[in-house]
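Taking it in order: structure first as C-alpha cells, then the write-up.
Laboratory data are not the source of any read-out in this text; all were calculated from the coordinates shown. This one's a predicted model, so the numbers in the text were calculated from it and none came from an experiment. Please note: Cβ atoms are built from the backbone with ideal geometry, for glycine as well, and neighbour counts cover all protein chains shown.
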Amino acid sequence: MSTNQLEKVYKRKADLVEGGDTEDSSKKQSLLKNVVQSGTSSFPLSDSDSKESKIFNDPIHGTITVTGLCVKIVDTPQFQRLRYLKQLGGTFFVFPGASHSRFEHSIGTYYLGGKFARILKQKHPQQFEEGDIECIEIAGLCHDLGHGPFSHVFEKMFIPCVRKDKTWKHEDASVEMLEHLLKANDQVMKAFEEFDKDGTRLALIKDLILGGKETEHVEDERVQQKRKKRFLYEIVANAQTGIDVDKWDYLARDCHMLGIKNNFDHDRYMELARIIDVEGEGPRICARDKEENNLYDMFRTRETLHRRAYQHKVKIGVELMIVDVLVKVDKTVQISGSDRDQVSKGRNISECIDDMKAYSKLNDSILQLVELPITLGTSHQETDSGAMEDLKEARNIIRRVRARQLYKCVGTRILQDGDTFTQEDIQRYKREILEKPGRSFNENQFELALMYFDYGQKKEDPITNVRFYKKSNPGKAFLSTKQKSQMLPAVFQERAVAIYSKEKEFEKDIARSFKQRWPDSEIPEEYNGEPEASNQ
C-alpha cells in the first residue's frame, strides 16, 4: 500500500472512530492494525485507487494487493518475463509440482517486504522516512529481475563454464534490468521520476537489492546516510544473517509446491521483531530471545530443501544436460540486442548478460527454440557445419531429457572437513581420473558436480550473528551466548562430490574409476566387482 493510500486509511479510520463508543473504537483500532500489518486495505478502495491496483490470489499469502508504481512495474515486458523462468530450474523434471515461477515469488517477496516494514514502522515510526516502505516493496518486487533461463543453472553452471573471465551474479543483473525497465517504459519512468525527484530512492532500491554491499552507484551523501540505518538492508536481502523476506517466501512457496513440510513461522518472527540501536552499528532488526528455535527451524528447512530437492541427484543430472545444451548452441543462437553495431548479428546466449535488451528475451523457452525449427528472436548459422553438428547434438540431448534417458549419478563422496575441493578444482580432478590407464571413456563422457548442504552460513552456526532482545529489556540487543542444545548439529555444513556418466555404456567403468581414485567413495552396488576389459 502506498503512503497516500495509508493516509486515506487513517482518515477513514478517524472518521469512523469519531463519536463512536469504546467497543466500536476498539474494533476499528484493531481493524486499522490489521490493515497496516497486512499491506492491503480492508476498506473499499476509491475508483482512482482501484485503477492503480491489482489483486493476486496467492496460494501462500492469500490476497495480495499490488498498488501504485509497483503495478506499473509488474505490467512491463521485463517483469512479465519472470513468468517464464521456473523458480527451481531443473527441479520441475523431478518434482512435477515445482512448476512455479520467479513471477509469483517476486510478488510474494514484495508483499512480505511491505508487511514486515509496516510492522516495524508501527513499533518504531521515528526510524522510517517517507518513501522507505515503497523502496523496500520495489526492491522486493525487482530483486530477481536478473535471473536467466532455469534460474541458478544459468548463473552458477552455464555462465562460469563459457565466461570464465567474468564474475557475474544475478543480483547485479537485477539492478541493470531495473534500469533497462525504466528506460524502456516511458510511463513507468515518468511515474518513477515523480516518486524519486532527486534520484536517491533509485540508488537506495538498487542497494537494497544488493543487500547493502559497497557499490559504485551509492555515492550520494543522502544514500550514505540511509546506509547508516542498517535495518533497511535486513528486510529484502540480509547479507549478514540470511534472515529476510526473500528467503521466507521461497521457503514457504517451495515447500508448498514440493510437498515438503515447512516448520518456520515467518509471521510470528515479524510480530516479535524490533529495531534496536546497536553500539557502533546503528539500528538493527533484533529477534525476541525465544525465537531462536523458530530461526533454527528456518535454517533446517533450508537444508532439507537442498538435500531433498535443490540438489537432488536426478535433478543435478538434468541440469548438467541443460548446461550441455546451452554450451553447444551458445554461439549458434543469436538474439537481437541494443548495440548499434549488432544490427545484422545478434548476441550469443552468454553475451546477453552484457545487453539487457537481449537478456530480456531469454527465458526457459530457449530449449524449445533449440529443439524445434523456431527462429523467433534467433538465427541459426546453418551454413556452418560445425554449428549444425552442435545443434544436432544439443537437440539429441533435449530429446533424451524428454525420454528420461538422463545423465546418471554413478558415485558420490562425502568431503572431509580438511578437503579444500572447490568448483575450480573440478577440471583437475577430472584429469586425475582420466590419468588412470585402461579407461574406456574420455572427458566428454562424464562430469563431476559439487553439492553443498548447510544452514546458510557455510560452516558457521547461522545464529552466531543474529541479535536478540529480552521481553524484560526490549531496548538492549545481545548476541546469543546461552548454552546450545545438544540436539543441534556439531557441524553445520556437509559437502560432497558426485560423478555423472553421460552414456549408459560407460557407467560401470566411470563408477569404478571414481572408486579407484577415491576408495572411500560410494558407488551403486551393481558397479562393484572386477572391472571389465577395456574397449581400447
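Going through the cross-link list 206/357; 86/458; 54/471; 190/345; 228/261; 121/156, which pairs have a Cα-Cα distance over 30 Å in this structure? The partial results should precede the final answer.
Details: 206/357 19 Å; 86/458 26 Å; 54/471 39 Å; 190/345 33 Å; 228/261 38 Å; 121/156 37 Å.
Beyond 30 Å between Cα atoms: 54/471; 190/345; 228/261; 121/156.
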- Message: Within segment 144-181, name every residue whose backbone N is under 19 Å away from a label modeled 7 Å from Cα of residue 427 along the Cβ vector.
- Response: 155-168
- Note on the structure: Rounded to the nearest Å, the spacing of the alpha-carbon centers of segment 404-421 and segment 295-325 is 13 Å
- Query: Label-point separation (nm) for residue 124 and residue 194, each offset 7 Å from Cα along Cα-to-Cβ?
  - Reply: 3.2 nm
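For a footprinting-style exposure proxy, rank 56, 468 by other Cβ within 10 Å, fewest first. Display every interim value, and only then the final one.
Working: 56 17, 468 22.
In order of increasing Cβ crowding within 10 Å: 56, 468.
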- Query: If you rank 360, 513 by fewest surrounding Cβ atoms within 10 Å, what's the result?
  - Reply: 360, 513
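Among 420, 464, 65, which comes first, then next, by fewest other beta-carbon atoms within 10 Å?
On the way: 420 6, 464 11, 65 20.
In order of increasing Cβ crowding within 10 Å: 420, 464, 65.
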